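Chemist: Please read through the structure below; I'll follow up with questions.
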């Protein structure tokens, strides 16, 4: 092994990073996983993070004030998970007033993405 070439080629990483990688790879192997499994997991996780950021961006880019109390309402997806069922399968999103005294709700037949496209 050419240690000087290795150090030059890998100069972007510190000693602790090298140790962390070796610990990670050792644990991966011990648990029966491969580097390809780790790459797939990271890719899927990254896609979920991007999807979540997109939803947050959509929720914050559309502004609608509550007709009851004038507070800025939140735009949320509905009927997309078991926890957000409304009883009406045609509902795709909703405006919700965050004021606990008000909690005014307006259901939409459009998804967050469709509402965003209408704004453009």
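The values are calculated or read from the model by the stated rules, or taken from the named source; none is laboratory data. These figures come from a predicted structure and were not determined experimentally. Heads up, the Cβs are rebuilt from the backbone with ideal geometry, glycines too, and the neighbour counts pull from every protein chain shown.
Chemist: How many of the residues making up segment 62-94 are in a loop (DSSP other than H, G, I, E, B), surrounded by fewer than 18 Cβ atoms within 10 Å (Cβ to Cβ) and touching a strand residue (DSSP E or B) at 6+ places or on another chain (Cβ under 8 Å)?
Modeler: The number of residues fulfilling the criteria is 7.
Chemist: Since residue 56 meets every condition but one in (1) at pLDDT below 90; (2) more than 20 Å from the chain's Cα centre (by Cα), which condition does it not meet?
Modeler: Single failed check for residue 56: (2).
Chemist: Now a separate question. Determine which single condition residue 24 fails, assuming it passes every other condition in (1) surrounded by 13 or more Cβ atoms within 10 Å (Cβ to Cβ); (2) in contact with a helix residue (DSSP H, G or I) (Cβ under 9 Å, 6 or more places away or on another chain).
Modeler: Evaluating residue 24 over (1) surrounded by 13 or more Cβ atoms within 10 Å (Cβ to Cβ); (2) in contact with a helix residue (DSSP H, G or I) (Cβ under 9 Å, 6 or more places away or on another chain) leaves (1) as the failure.
Chemist: Could I ask something else about it? Which of (1) more than 20 Å from residue 116 (Cα to Cα); (2) exposed (fewer than 12 other Cβ atoms within 10 Å of the Cβ) does residue 49 not meet, given it meets every other one?
Modeler: Going through (1) more than 20 Å from residue 116 (Cα to Cα); (2) exposed (fewer than 12 other Cβ atoms within 10 Å of the Cβ) one by one, residue 49 breaks only (1).
Chemist: Look through 33, 41 and report the one residue that is in a loop (DSSP other than H, G, I, E, B), surrounded by 10 or more Cβ atoms within 10 Å (Cβ to Cβ) and at pLDDT 95 or above.
Modeler: None of the others qualify; the one that does is 33.
Chemist: Name every residue in segment 95-115 that is surrounded by 14 or more Cβ atoms within 10 Å (Cβ to Cβ), touching a strand residue (DSSP E or B) at 6+ places or on another chain (Cβ under 9 Å) and touching a residue at least 24 places away in the same chain (Cβ under 8 Å), in order of residue number.
Modeler: 95, 97, 104, 106, 107, 111, 112, 115
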